[in-house]
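The values are calculated or read from the model by the stated rules, or taken from the named source; none is laboratory data. Bear in mind the structure is a predicted one, so any value in this text is a computation, not a measurement. Cβ coordinates were reconstructed from backbone atoms using ideal geometry, including for glycine residues, and neighbour counts include every protein chain displayed. Calculation scope for accessible area: heavy atoms of the full protein, side chains included, ligands and nucleic acids excluded. Shrake-Rupley method; radii C 1.70, N 1.55, O 1.52, S 1.80 Å.
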Amino acid sequence: MHELSIAASIVDAVTESAAAYPGARVKEVRLRLGSLASVVEDSLQFCWGITVEGTPLEGARLVVKILPVIVHCASCRQDGELASLQSFRCPHCGEPCSDLRQGRELEIEAIEIDEIDEVEEAV
Ligand SMILES: [Zn+2]
C-alpha cells in the first residue's frame with residue numbers, strides 16, 4: 001500500500017520540523033493533496049493512524065485539503081478547473097489540453113503545535 005510509505009514520509013518530515021520545538025506536541029498536520037496525486041484520502045488517514053502510533057506525533061490529526069486539477073488552455077489562454085478527471089478538456093472552450101497547473105501536489109501546508117506541554121492532573 002503506497003499510502004503507508006507516504007504517511008511514513010510525512011511523519012518523518014513533521015518530526016524533523018517539530019524537533020525545533022522541544023517539549024511541544026504536534027496537534028495537527030495540514031496536507032495539500034492534488035486530485036491527480038493518486039492518493040486515496042481514506043487509506044492515507046488509516047495509514048496515518050498506524051504510522052503515528054508510538055511516535056511523538058501520536059494523537060496528531062491529519063487534515064487533508066484536496067486540490068482540484070487546474071489546466072492551462074493553449075487555445076483560449078485561460079486557466080480552468082477540470083470538470084472531470086476522465087476528460088482533459090478546457091472548461092472554457094472545450095479544446096483538449098494537457099498543460100497541468102495544479103493537481104499533483106502532495107505537500108505539507110502547515111503544522112500546528114501546542115507550545116505548552118499540558119499535563120493532565122488527576123484530582
Ligand atoms: Zn480553452
- Message: Given the condition of a type in the set (Asp, Glu), farther than 17 Å from Glu3 by Cβ and in a loop (DSSP other than H, G, I, E, B), answer yes or no: does some residue in the range 91-98 qualify?
- Response: yes
- Task: Give the residue, chosen from Ala19, Ala7, that is without any contact (Cβ under 8 Å) to a residue 24 or more places away in the chain and either open to solvent by less than 80 Å² (accessible area, probe 1.4 Å) or under 16 Å from the mean Cα position of the chain (by Cα) (or both).
- Result: Ala19
- Task: Go through the range 57-91 and give me each residue that's over 24 Å from Leu31 (Cβ atoms) and touching an Asp or Glu at 6+ places or on another chain (Cβ under 9 Å).
- Result: His72, Cys73, Ala74, Ser75, Cys76, Arg89, Pro91
- Among (1) at pLDDT 95 or above; (2) surrounded by fewer than 19 Cβ atoms within 10 Å (Cβ to Cβ); (3) not in a strand (DSSP E or B) - the single one Glu28 does not satisfy: (3)
- Which condition number does Ile70 fail, the rest of (1) within 16 Å of the ligand (Cβ to nearest atom); (2) open to solvent by 90 Å² or more (accessible area, probe 1.4 Å) being met? (2)
- When the residues of the range 86-105 are filtered to those that are open to solvent by less than 80 Å² (accessible area, probe 1.4 Å) and closer than 25 Å to Glu41 by Cβ, which remaining residue is farthest from the ligand (Cβ to nearest atom)? Glu105
